[in-house]
Amino acid sequence: MTIRNVLGALVLGVFVASVAVAEDSPALVFNNAMSNANKRLSKAGYNFGVTLAPIFNGTEFDGKKAKEQLDEIKEVLDQVNNDMKALRIPDSDEARALYEAHQQFLKGQKKMLRNEFADLLEIASDDTLTNEAKKQKLGEILEEVGKIEKKDLTRLQEAQRAFGKRHNIIIEDAEGE
C-alpha cells in the first residue's frame with residue numbers, strides 16, 4: 001500500500017455546484033453547504049492520513065500528532081453535524097432525499113471514526129508490532145474504509161445529482177481538489 005492509497009482511502013469524495021441558478025438560490029446555498037461540509041471532513045481525513053504515512057514510507061510515526069488529527073476529525077464531524085441541523089432544506093422531494101442521504105453518510109463517518117479510525121490509531125501506535133505488521137493491518141483496515149466510503153458516497157452522490165437536476169444545478173466531481 002502506498003501513501004497515495006492511504007490518503008485516498010481517507011479522503012471523502014466531494015461534489016461542488018456550478019452556478020446554473022441565482023447565486024443566492026436556497027437550493028444552491030443548501031447544496032454548497034453540504035459540499036463545504038464534505039470538504040472540511042475530507043481535509044481532516046487527509047490530515048489524519050498524512051500522520052500515518054511514516055509507517056508506509058519507513059520514517060518515524062508521531063502518535064501524538066496522529067491522535068490530535070483524529071481528535072480534529074471528531075471536532076469537524078461534530079461541527080458539520082451541528083451545521084447540517086441548522087440548514088434550511090429546500091421544499092422538494094430531492095432536497096429531502098439529499099439531506100437524508102447526507103445524514104446517513106455522516107452516521108457512517110461517525111461509525112468509521114469510532115471503529116476503523118480508532119483501530120488505525122491503535123495499530124499505528126502499538127510498539128509491540130513490527131512496522132511490516134503495522135503496514136499489513138493498516139492496509140487491511142484502509143481497504144475496508146475505502147469500501148465503506150465508496151458505498152456511502154455512491155448513495156450520497158446519486159441523491160446530489162438528482163437534487164441538482166431538479167434544481168438546475170450542475171454538479172461537478174471535485175474529488176481532486
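Observations on the structure shown:
- Spans of helices (runs of 4 or more DSSP H) in segment 79-177 with at least 1 residues among the β-branched types (Val, Ile, Thr) and surrounded by 13 or more Cβ atoms within 10 Å (Cβ to Cβ): 118-125, 131-166
Rundown of residues vs (1) within 26 Å of Gly164 (Cα to Cα); (2) of a type outside the set (A, V, I, L, M, F, W, C), yes/no style:
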| residue | (1), (2) |
| --- | --- |
| Ser42 | yes, yes |
| Phe48 | no, no |
| Glu68 | no, yes |
| Arg96 | yes, yes |
| Gln104 | yes, yes |
| Gly108 | yes, yes |
| Asn115 | no, yes |
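- For segment 53-64, the condition of being touching a residue at least 24 places away in the same chain (Cβ under 8 Å) and not in a helix (DSSP H, G or I) holds for at least one residue.
- For beta carbons closer than 7 Å, sequence separation of 6+ or different chains, a first residue in segment 36-51 that is β-branched (Val, Ile, Thr) and a second that is surrounded by fewer than 19 Cβ atoms within 10 Å (Cβ to Cβ) and not in a helix (DSSP H, G or I), the qualifying pairs are Thr51/Asp62.
- Residues being of a type in the set (Val, Ile, Thr) and within 15 Å of Ala159 (Cβ to Cβ) - total across segment 77-132: 1
- Selection of first residues in segment 76-89 that are under 18 Å from Ser25 (Cβ atoms) and in contact (Cβ under 8 Å) with a residue 12 or more places away in the chain and of second residues that are part of a helix (DSSP H, G or I) and basic (Lys, Arg), restricted to Cβ pairs under 7 Å at least 6 apart or on distinct chains, gives the following pairs, ordered by first then second residue: Ile89/Arg96.
- Which numbered condition Ile169 fails, given (1) more than 26 Å from Thr59 (Cβ to Cβ); (2) under 21 Å from the mean Cα position of the chain (by Cα); (3) modelled with pLDDT under 95: (2)
The values are calculated or read from the model by the stated rules, or taken from the named source; none is laboratory data. Quick caveat: nothing in here was measured; it's all calculated off a predicted structure. Here the Cβ is made from the backbone with ideal geometry for all residues, glycine too, and neighbour counts use every protein chain on show.
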